[in-house]
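Step one of this worksheet: look at the structure below.
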Amino acid sequence: MGDTITITDDRNGRSVTVAIGPDGTIPSSALRQLDPGLRVYDPAFLSTASCASSITYVDGDRGILRHRGYPIEQLAERSTYLEVAYLLLHGELPTIDQLEAWRHEVSVHTYVHENVKHFMQQFHYDAHPMGMLVSTVAALSTFYPDAKQIFDEQVRAKQIVRLIAKMPTLAAFAHRFSVGMPFVYPDNSLDYASNFLSMMWRVAEPRFEVDPVLSHALDVLFVLHADHEQNCSTTAMRTVGSSHADPYSATAAAAAALYGPLHGGANEAVLQMLERIGSVEQVPAFIEGVKQGKGRLMGFGHRVYKNYDPRARIIKRTADEVFAVVGSNPLLDIALALEDVALSDDYFVERKLYPNVDFYSGMIYQAAGFPREMFTVLFAIPRTAGWLAHWVELLGDPAQRIARPRQQYVGPPARDYVPMEDR
Ligand code: CMC
């Protein structure tokens, strides 16, 4: 017999014994067996596994991240973003023919309907590109009404290709709008990352010459951001998907969750913080302020990692490669000093606060010329593969139903309506 746990209801002596399942989970139905009225109170899901998933494995204590069993270090070094996207979605690495077919499919779906372009040109002149991306992804559902057929596998596969292919186009269009530049159409002869860089930066040249070091670095960053199991945005994707909404609406909801500064918005917040600190000399005073509760050290800490985020390690290496081409980022010295102080300070050590994926990524993006407002957009592009992989898994999981948590009601008891003149 494997490991079990026995829960006793001390009100009546009744008890139930249940097996401890994979990853240390026990079914909450055990409590319902004791008393159908019992609920688990778990704000922010600190101890709740809301699904069984075979996509991504994270061991936060040991700093391990694997997709479909493959370590992130090997994927970042030897794979490409499109190959990892295929792996996340299909469960296995593609053969040469499968990868070629997948690349071809994605590259011939990069264009967007001209009305999408017109629609994007109507945003307020200083619209945040992430706000534009969220709204435009949602708007795509109006262009592809067939997407509602979420249980038709062929239809579903088509929307997945469309979303992965069009995200870079929408992201680049959002940037071009915000700087008043004409939109650059996709160049389908380029690889995924290079095509995105061409849409971002091309001006009058007939063909944009992409620096291979930069496009490789961007592709590695895309690999590192492709999925991270049940984070806030993936949970939003699954929650909206559980109502059987179309994938564009669910992806827009996930992107909206990513926009927040505690999630994908953190890389932008890191840069703001480093600029506010201003110099290495100010680092100790800033750390003191954080310890006194005057703000957080952005890019530090993680709900799951209580060790160095393995992605942050790889990003630090990628940063060196990029800085060798474009010159270092002056904020790097402040970041390194912050990391040094934080990793040796009791406050951060006791709370197991280590650099996360966002601590160095913003500096690479900035050195490569991306405006700060684009940082979260650069996270949303690759995370689309992860969101969609979870969406497909959710739809095929017979244990899943519409997401509908319960609550602990703590409001007033029943009372009678008070007429206006008596209040
Ligand atoms: N700076 C200073 N103190 C912190 C930080 C931080 N960055 N993060 C957590 N703490 C403290 C927090 O004040 C609390 O202390 P105490 O026990 O004295 O109240 C303790 O550490 C535990 O923090 P928590 O807020 O309960 O942890 P959480 O798991 O709810 O939050 C987090 C995780 C990522 C939201 C949080 O660490 C944070 O706000 N970090 C800064 C934002 C950031 O970098 N986000 C990117 C996350 S990684 C990529 C992604 O998910 O998109």
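No lab work stands behind these numbers, since they all come straight from the coordinates. Since this is a predicted model, take the numbers as computed values, not measurements. Cβ: placed from backbone, ideal geometry, glycine included. Neighbour counts: every protein chain shown.
So the values come out like this:
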{"item": "Crossing angle, helix 81-90 versus the chain [Cα axis fit, 0-90 degrees, rounded to tens]", "result": "30 degrees"}
{"item": "Selected from 53, 243, 28 as most flexible by GNM, with the chain as the system and alpha-carbon contacts under 10 Å", "result": "28"}
{"item": "Value of D in µm² per second that Stokes-Einstein yields for the chain, Kirkwood Rh from Cα pairs, at 10 °C (1.306 mPa s)", "result": "68 µm²/s"}
{"item": "Gaussian network model of the chain, springs between alpha carbon atoms under 10 Å - residue of 104, 175, 263 with greatest fluctuation", "result": "104"}
{"item": "Extended-chain gain in nm, criterion 0.36 nm per residue less alpha-carbon gap, residue 18 and residue 154", "result": "45.0 nm"}
{"item": "Kirkwood-based Rg to Rh ratio, segment 164-300, C-alpha trace", "result": "1.05"}
{"item": "Nearest-ten-degree value, helix 96-107 long axis tilted from longest Cα axis of the chain", "result": "80 degrees"}
{"item": "Residue-averaged [θ]222 nm for the chain, counting only DSSP H segments that reach four residues, each worth -39500 (n - 2.57)", "result": "-16000 deg cm²/dmol"}
{"item": "For segment 137-201 versus segment 286-332, the gap between their alpha-carbon centres in whole angstrom", "result": "30 Å"}
{"item": "Descending principal axes extents, segment 95-212, alpha-carbon based, whole Å", "result": "40, 33, 20"}
{"item": "Likely footprinting exposure, 137, 112, fewest C-beta neighbours within 10 Å first", "result": "112, 137"}
{"item": "Three-way shape call for segment 4-52 based on the alpha-carbon gyration tensor, with the a/c threshold at 1.5", "result": "oblate"}
{"item": "Residue order, fewest to most beta carbons within 10 Å, for 4, 80", "result": "4, 80"}
{"item": "With Cα atoms, 0 to 90° folded angle of helix 375-395 axis to the chain main axis", "result": "50 degrees"}
{"item": "Approximate spin-label separation residue 52-residue 336, in nm, with each point projected 7 Å along Cα-to-Cβ", "result": "4.8 nm"}
{"item": "Mean Cα-pair separation over length for segment 61-213, i.e. relative contact order, pairs under 8 Å, 6 or more apart, %", "result": "20 percent"}
{"item": "Of 148/306; 166/316; 117/316; 158/306, those spanning more than 31 Å from alpha-carbon to alpha-carbon", "result": "148/306; 117/316; 158/306"}
{"item": "Over segment 266-367: Kirkwood hydrodynamic radius from C-alpha pairwise inverse distances, Å", "result": "13.6 Å"}
{"item": "Order of 422, 227, 340 - criterion: other Cβ atoms within 10 Å of each residue's Cβ, fewest first", "result": "422, 340, 227"}
{"item": "Candidates 259, 70, 248: whichever shows maximal mean-square fluctuation once the chain is modelled as a Gaussian network with Cα springs under 10 Å", "result": "70"}
